[in-house]
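One structure below.
The values are calculated or read from the model by the stated rules, or taken from the named source; none is laboratory data. Given the structure is predicted, the values throughout are model-derived calculations rather than measurements. Glycine gets a Cβ as well: all are built from the backbone with ideal geometry, and neighbour counts include every protein chain shown. Areas reflect the complete protein model, heavy atoms only, side chains present, ligands, DNA and RNA absent. Shrake-Rupley method; radii C 1.70, N 1.55, O 1.52, S 1.80 Å.
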Amino acid sequence: MSTEIRTRRERNAVAAGRPWSRDRVETLILTWLRWIVIATILIVTLFPFYYMLVLSVRPISSLLQDPGALWVSAGEFNLETYTSVLQSPSDGGQGFLIFMRNSALVALGTVVVTLILAIPGSYAISRLQFFGRQRISALFLAVYLFPSILLAIPLFVFFTRIGLRGELLGLLLVYVAQVVPVSIYMLRNYFETIPISLEEAAAIDGASRFTIMRRISLPLAMPAIVSNGLYIFMIAWNEFLFALLFLVESRENWTVSLGLSQLAGSIEIPTTVLMAGSVILTLPIIIIFFAAERLLTEGLTAGAEKG
Amino acid sequence: MSTTPRRDAAPAREGAPVQRAGRKRSSMAKAEQRAGLTLISPTLIIVLVMIVLPILWTIMLAFQQIRLLNLRTAGILGNYTISNFTEVFSSPGFLEALLVTLVYSVAGTGLAIGFGLIAALALRKPFRGRTLVRAATLIPYVAPIVAVTFVWTTMLNPQFGIVNHWGTQFLGWDQAIPFLSERQRDVSFLGLTFTVPTALLTVIAFEAWRSFPFAFLFLTARLQAVPASLDEAARVDGATPTQRFRYILLPQLLPTIAVLSVLRFIWTFNSFDDIYLLTGGGAGTEVVAVRVYNFLISRGDIGAASAQALVLAVILAVLVGIYLKFFAKKEEVS
């Protein structure tokens, strides 16, 4: 379609017998450059993950023999790394199964608690006039941008004092406080796109505020709530700093992220076994991401398009 | 379908405060007031308790001589002193950490946005499999930080890392480069010798790799909103591709780039995970956030750690403030 358009300069160039106009040269170079860029993007973004996958099924001895190999030969392919990393330490493994349970507990708990708080909260901010509404919104935005290292110190001190350090519950509370402002912000943006007249019609029919929320607003906001929940799950599953600060001394409560980072320094555990651990850490995120990619990217940019 | 109700909605919302001014409405407004506060208060409480109070407490801790050891006996009303700040500013390495943080954030932000822009432009026109390529581009950003830093450290490992293996095999490197543990090295290029901070450049490259998808995502969303007619009009007028980018697309993208710069700068400035996991803050890559952690955990010096965190936050606030004051206004004018 657009290629049919012959530009004025191009026509002049052809008429003057000069086929190499600046436009043509640029177009030609950029067409090639575009494919080179696309290929580079794919290699640069995907290669580390491919490398992760390849190393996770190779024995450490063959890695040391041939560090440059880009694929796994049939002879060296083995999944012992995975059993070794998943088994509990008493069976000679690294206990990643327990770490996965911990991560899942914290991440799912964070999702549930955050949504219970954020759905009514975002509804209130987008729909109801109340004293301090603007200020609360501004506060939440400020919290979102705040350095978490600044929070790390007092929370570390506070949880040490009340004895919640080392417990998954303490971590969960911190995560909820960190993500609830983002969650409210994203959900609020979505609520604003739902026409208020639907709710007003229900109100005229005699529905109470609570009924309106439950029967009208909630079902309409479901796509946003689902993508929000997935987003929170990813944040909580990936989180590292607070897990490190709170849980480092109690190995039975380590999350997958913390476990991998702590074991990565040790010399006794083969790199390939830990590579299996990082595949296990990454896989749930990749699965969620590809399952809900459209929902998630829309949610992420929802705030950006307003500005 | 979606546009018509929206049009009804707007006047209804604008009209609401006017109705509320009347006395008859006041009881309903009060009910709404109460409902709003009830719905928001659980969130407000948890944010106040877990975030706002701790921040205030950090400020108090920064002015107290508290260590991990005497934590249990120290009270809220301890002796207040500014000795933490004098200690922080006079201690060796703090100013260097600040400089490293600044270089790291500026370079990381710039590269991430630059690569994000290139990627967004390259993937602008549809082609088969574009959706998949777009999704793949986002993976570095969503993948767990611990997993990606582990892969990077393995890839860059001097003994069995693939980068050093290929470098020595095919690129003619004399010996393996310890990318993450070498402070600086001399590089000859065109007969000139430069001294480059190896580890710092490596973590900056990592930061660019990790966060360019974020810029890519936002710029792609903005590119899609640019009306095609603009581009076509310029085309008919004989503008070449680079001219169209410079005079048509770039002005459209600038506001988004400005927002991205602020966001990415704030996040990179505060970031702890990336550098802690890659180098542990060694080899000239100690940023302030990692330094705060080291003071807190290794030295158990809560007071000094708080003081540094506070300095970090204040500097960040000042930088962002300056940016918003001078640059945000300019943009409005232009």
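Remarks
- If you plug the beta carbon distance of B:Ala31 and A:Leu141 into 1/(1 + (r/R0)^6) with R0 = 25 Å, you get a FRET efficiency near 0.35.
- Each Lys or Arg adds one and each Asp or Glu subtracts one; over the other residues with Cβ under 15 Å from the Cβ of A:Arg209, this totals +1.
- Summary of packing: across the peptides A:211-218, A:53-60, the per-residue average of other C-beta atoms within 10 Å ranks them, highest first, as A:53-60, A:211-218.
- Heavy atoms of A:Phe77: accessible area, 1.4 Å probe, square angstrom to 10: 110 Å²
- The relative contact order of chain B, computed from alpha carbon pairs under 8 Å that lie at least 6 residues apart in sequence, is 25 percent.
- Shielding by partners for peptide A:60-69, expressed as the average number of C-beta atoms from other protein chains within 10 Å of each residue's C-beta, is 3.
- Cα-based shape type of chain B, given that a ≥ b ≥ c are square roots of the gyration tensor eigenvalues and the cut on a/c is 1.5: oblate
- Cβ-derived FRET efficiency at R0 51 Å, B:Gln243 paired with B:Lys325, nearest 0.05: 0.95
- Here the sum of -39500 (n - 2.57) over DSSP H runs of 4 or more residues, divided by the residues of chain B, equals -22000 deg cm²/dmol at 222 nm, to the nearest 500.
- Taking a span of 24 Å or more along the helix axis (Cα atoms) and a mean Kyte-Doolittle hydropathy of at least 1.0 as the rule, the DSSP H helices of chain B that qualify are B:94-122, B:198-225, B:250-270, B:302-323.
- Here's the picture: a label point sits 7 Å out from the Cα of B:Trp166 along the beta-carbon direction, and within the range A:62-78 the residues with their amide nitrogen under 19 Å of it are A:63-73.
- Across peptide A:114-121, the mean count of Cβ atoms from other chains lying within 10 Å of each residue's own Cβ comes to 4.
- Near B:Gln64, the amide H atoms lying under 5 Å from its own belong to B:Thr81; only residues 5 or more places off or on other chains count, and H is placed 1.01 Å from N.
- Inter-part distance, the range A:55-115 to the range A:179-238, computed on C-alpha centroids, equals 38 Å.
- Ranking B:Tyr80, A:Tyr123, A:Tyr190 from most to least accessible surface, computed with a 1.4 Å probe over the protein chains only, gives B:Tyr80, A:Tyr190, A:Tyr123.
- Mean partner shielding of peptide B:147-159, defined as the number of other chain Cβ atoms within 10 Å of each residue Cβ, is 6.
- Efficiency of FRET between A:Tyr50 and A:Leu198 - r from beta-carbon atoms, R0 41 angstrom, step 0.05: 0.30
- Cα-centred dipole magnitude for the range A:89-306, charges only on beta-carbon of K, R (+1) and D, E (-1), debye, nearest 20: 560 debye
- Relative contact order (%) - criterion: Cα under 8 Å, at least six apart; region: chain A: 25 percent
- Net charge contributed by nearby residues that have their C-beta within less than 15 Å of A:Ser250 (K/R +1, D/E -1): 0
- Here is how the number arises for chain A: DSSP H runs of 4 or more residues each give -39500 (n - 2.57), the sum is divided by the residue count, and the result at 222 nm is -23000 deg cm²/dmol.
- Peptides ranked, highest mean first, by Cβ atoms within 10 Å: ranges B:120-126, B:182-188, B:269-275, B:139-145: B:269-275, B:139-145, B:120-126, B:182-188
- Environment charge at B:Ala136 (Cβ cut-off 13 Å; Lys +1, Arg +1, Asp -1, Glu -1): +1
- B:Arg185 long-range amide H proximity, modeled H, under 5 Å: B:Val196, B:Thr198
- The range A:89-306 shape via C-alpha gyration tensor axes, a/c threshold 1.5: prolate
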